[in-house]
1. For LYS67, all conditions in the list (1) in a loop (DSSP other than H, G, I, E, B); (2) exposed (fewer than 15 other Cβ atoms within 10 Å of the Cβ) hold save one; what is the number of the exception?
2. Out of all the residues in the stretch 66-120, which are closer than 15 Å to GLY33 by Cα and among the small types (Gly, Ala, Ser)?
3. Please state which of the following conditions ASN53 fails to meet, knowing it meets all the rest: (1) under 19 Å from VAL159 (Cβ atoms); (2) part of a strand (DSSP E or B).
4. From GLY123, GLY168, grab the single residue that is assigned to a helix (DSSP H, G or I) and small (Gly, Ala, Ser).
5. Considering every residue within the stretch 90-106, establish whether at least one is touching a Phe, Trp or Tyr at 6+ places or on another chain (Cβ under 6 Å) and crowded, with 18+ Cβ neighbours inside 10 Å.
6. Considering only residues that are more than 20 Å from THR60 (Cα to Cα) and in a strand (DSSP E or B), which ones fall in the stretch 132-165?
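What follows is calculated from the coordinates using simple rules that are stated; it is not laboratory data. In this text, all values refer to a predicted model and were calculated from it rather than measured experimentally. Methodologically, a virtual Cβ is constructed for each residue, glycine included, from the backbone with ideal geometry; neighbour enumeration extends over all protein chains shown.
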Amino acid sequence: MKKSLAITCIILISVITFESLAQQPTLSVAVTGKVKAEKNFSSADLKKFKLENIADVVITNHKGETKGTAKGMKGVLLRDVLQDISLDTDNPKLFSEYYYVCTAADGYKVVYSWNELFNSAVGNSVYIVLEKDQKDLEGSEDSILMISTQDTRTGRRYVKNLQTINVGRAQ
């Protein structure tokens, strides 16, 4: 009896600890990896970029089922944030080999290629969201939020608590 109670307590404490860690809001985004100089963007830094109103987005899962609607959003284009981050090459022909792994605090990851962000219409619809429901997201459970508004399955690249953007290069 004591052994099962102890195991139950350990499991409960582990779940509570994991949940509290997963819900910690991010306060900045670090750009790392195959870049000439790594950079960290605080919420205040991100607010210095051109802030755009974002139309309401129906959030769908991998099956296309509606899970909710993101409304009243304002944000900055991810492309604008990454524009001045120099890749670790000076040869523009090689830019097509680069990709960005965007990782949330809980480990959830999504990937964009350099061409998606800088050489296609996708780049016009990937935002770091700073306001949702007409409220500042700083310190909220969705802070810092990233969304690709034109994806067919919008929930696949809906990232809460964006923490890092690691630049890689395909070999």
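1. All conditions are met except number (1).
2. Within the stretch 66-120, SER86, SER113 qualify.
3. Result: ASN53 fails condition (1) only.
4. Step by step, each of GLY123, GLY168 is checked, and only GLY123 is assigned to a helix (DSSP H, G or I) and small (Gly, Ala, Ser).
5. Within the stretch 90-106 (the criterion being touching a Phe, Trp or Tyr at 6+ places or on another chain (Cβ under 6 Å) and crowded, with 18+ Cβ neighbours inside 10 Å), the answer is yes, since at least one residue qualifies.
6. Within the stretch 132-165, LYS135, ASP136, GLN163, THR164, ILE165 meet the criteria.
Rundown of residues vs (1) free of Cβ contacts under 8 Å to residues at least 24 places away in the same chain; (2) surrounded by fewer than 16 Cβ atoms within 10 Å (Cβ to Cβ), yes/no style:
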residue: LYS109; (1), (2): yes, yes
residue: GLU116; (1), (2): yes, no
residue: GLU141; (1), (2): no, yes
residue: MET146; (1), (2): no, no
residue: ASN161; (1), (2): no, no
residue: GLY168; (1), (2): no, yes
